[in-house]
Number of protein chains: 2
Amino acid sequence: MAEEKPTVFIIDDDPSIRKSLLRLLRSFGFEAETFDSAEEYLERERYQGTGCIVLDVRMPGIDGLALQNELNKADYTMPVIFVTAHGNIPMSVEAMKKGAVDFLPKPFDDNEFLQAVNRAVETDRTAKIRFAGTREILRRIQRLTPREQEVLRYVVSGMPNKQIAFRLGIAEKTVKAHRGRIMKKLEIDSLPELTRLAEKAGIQPL
Amino acid sequence: MAEEKPTVFIIDDDPSIRKSLLRLLRSFGFEAETFDSAEEYLERERYQGTGCIVLDVRMPGIDGLALQNELNKADYTMPVIFVTAHGNIPMSVEAMKKGAVDFLPKPFDDNEFLQAVNRAVETDRTAKIRFAGTREILRRIQRLTPREQEVLRYVVSGMPNKQIAFRLGIAEKTVKAHRGRIMKKLEIDSLPELTRLAEKAGIQPL
DNA sequence: AGTCGCATTAGACCAAAGTCCACTATACAC
DNA sequence: GTGTATAGTGGACTTTGGTCTAATGCGACT
């Protein structure tokens, strides 16, 4: 597969900043897109790939910090770099507490900006990889029938088939049958593996 | 058991600050101790309970940010709150990136200070609880003999006893004997539980 | 009405795991 | 020496787990 370029989303109401950052990023091999307001970004952008957001704090309408709040609420995990000409310490601390990867007061030089972007993209990449793993597991577990998921829960709790059968009011044979299908569907062949899958999927024992 | 008061360590070269913060914290039910330099803190303090550090950035000798670096390097996980009269944004961002829970420019009011301390102590408390769990598990697993740990590794990889025996060049009976002792020593009674313990202890399958 | 997926079960086996007891052999400590 | 911990083994069983085949009942979709 072709190497996907990471995409940087620049949200700033100052056209000259947008333009210069855009040029800078593109010249260093990033994809980049610009938005002149938080609203525009929220409307237009549904990007799912890897990248980061460069966000001006002070903007008309929804400001940068408010946008960050929105994205957090929506579990939108793309890393955010703040840039601003009118920042102060409490503002930067607040942004960092909420998960920003960096906060750059304008003016900043190209180098520190690019470093921040690289860090942010790297953060996003590893987060996406980690998440993709557990999402794939969840996907597979959700292909199990409700009954199978129920049995799975008891199994990873360490209960013997006989007891599982008793609790569910069914025959031990049936539990075995479910177990067999669970293992086949999840394409695994050992109880420890099953336990780890369930663990990653957030299935609690008992 | 008696409720342990959290302890706050105040590190600041300004005696009047030390004194006022000390009084404030004590009046709100915290234990608190003061240090007039990072060096003094490093020499004197080996506190293991729950609490946090209030750290001045600008100090003669080792400054606050340098001390934070030292503590991080030593895996000393007590949360740090920075306070400073001569801060700027890059400084605060740097501190936050390195894990500070807050960064307060002087002057700050009592209320926001206390809020920060509470947050920090809470952070420490939950971190300590989480860590205590895995440490206890590690302790128990390390009481297993080397051979038992070896067998454990194969078991949680999902290998049947017969294969484990083959790989170790021993009889299947012996593997069973080890398994039995492992389960007894760890005081558990199911393979899924064993798998989870091993997982938390960082034992990799295969 | 027919077909599918789901849940359920039985019978017949076989393989794997666990238990109890006894025995041997190191190695290290007191 | 006499212990104590670790490691390895065998016999004799019991309990669990897993597989294959075959079958039944139910609800949903066509």
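Scanning the stretch B:1-39 for residues that are among the polar types (S, T, N, Q) and over 18 Å from B:ALA66 (Cβ atoms) returns B:THR7, B:SER16, B:SER20, B:SER27, B:THR34. Among the residues of the stretch A:68-100 satisfying the criterion of being among the β-branched types (Val, Ile, Thr) and more than 8 Å from chain B (Cβ to nearest Cβ), which is farthest from A:LYS128 (Cα to Cα)? Across the stretch A:68-100, the extreme among qualifying residues is A:THR84. Scanning the stretch A:134-153 for residues being away from chain B (no Cβ under 14 Å), within 11 Å of DNA strand C (Cβ to nearest atom) and under 11 Å from A:ILE182 (Cβ atoms) gives a total of 7. Taken across the stretch B:96-112, residues that are closer than 30 Å to A:GLU94 by Cα, in contact with a helix residue (DSSP H, G or I) (Cβ under 7 Å, 6 or more places away or on another chain) and of a type in the set (Phe, Trp, Tyr) do occur, with at least one present.
Go through the stretch A:175-205 and give me each residue that's surrounded by 16 or more Cβ atoms within 10 Å (Cβ to Cβ) and either away from chain B (no Cβ under 14 Å) or touching a strand residue (DSSP E or B) at 6+ places or on another chain (Cβ under 6 Å) (or both). Result: A:VAL175, A:HIS178. When the stretch A:175-206 is filtered for residues that are among the polar types (S, T, N, Q) and at pLDDT below 95, only A:GLN204 remains. Yes or no: the stretch B:168-184 includes at least one residue that is more than 10 Å from DNA strand C (Cβ to nearest atom), within 30 Å of A:ALA201 (Cβ to Cβ) and either of a type outside the set (A, V, I, L, M) or in contact (Cβ under 8 Å) with a residue 40 or more places away in the chain (or both). Within the stretch B:168-184 (the criterion being more than 10 Å from DNA strand C (Cβ to nearest atom), within 30 Å of A:ALA201 (Cβ to Cβ) and either of a type outside the set (A, V, I, L, M) or in contact (Cβ under 8 Å) with a residue 40 or more places away in the chain (or both)), the answer is no, since none of the residues qualifies.
In the stretch B:75-96 there is no residue matching the filter, namely being under 16 Å from the mean Cα position of the chain (by Cα) and small (Gly, Ala, Ser). Report whether or not B:ALA127 is surrounded by fewer than 14 Cβ atoms within 10 Å (Cβ to Cβ), more than 16 Å from DNA strand D (Cβ to nearest atom) and not acidic (Asp, Glu). Considered against the rule, which asks whether it is surrounded by fewer than 14 Cβ atoms within 10 Å (Cβ to Cβ), more than 16 Å from DNA strand D (Cβ to nearest atom) and not acidic (Asp, Glu), B:ALA127 comes out as no. Cβ-Cβ distances below 8 Å connect the following pairs, each with a first residue in the stretch A:119-141 that is in contact (Cβ under 8 Å) with a residue 24 or more places away in the chain, a second residue that is among the basic types (Lys, Arg), and a separation of six or more residues or different chains: A:GLY133/A:LYS200; A:THR134/A:LYS200; A:ILE137/A:LYS200; A:ARG140/A:LYS185.
The values are calculated or read from the model by the stated rules, or taken from the named source; none is laboratory data. Quick caveat: nothing in here was measured; it's all calculated off a predicted structure. As a convention, Cβ positions derive from the backbone with ideal geometry for all residues, glycine included, and neighbour counts pool all protein chains shown.
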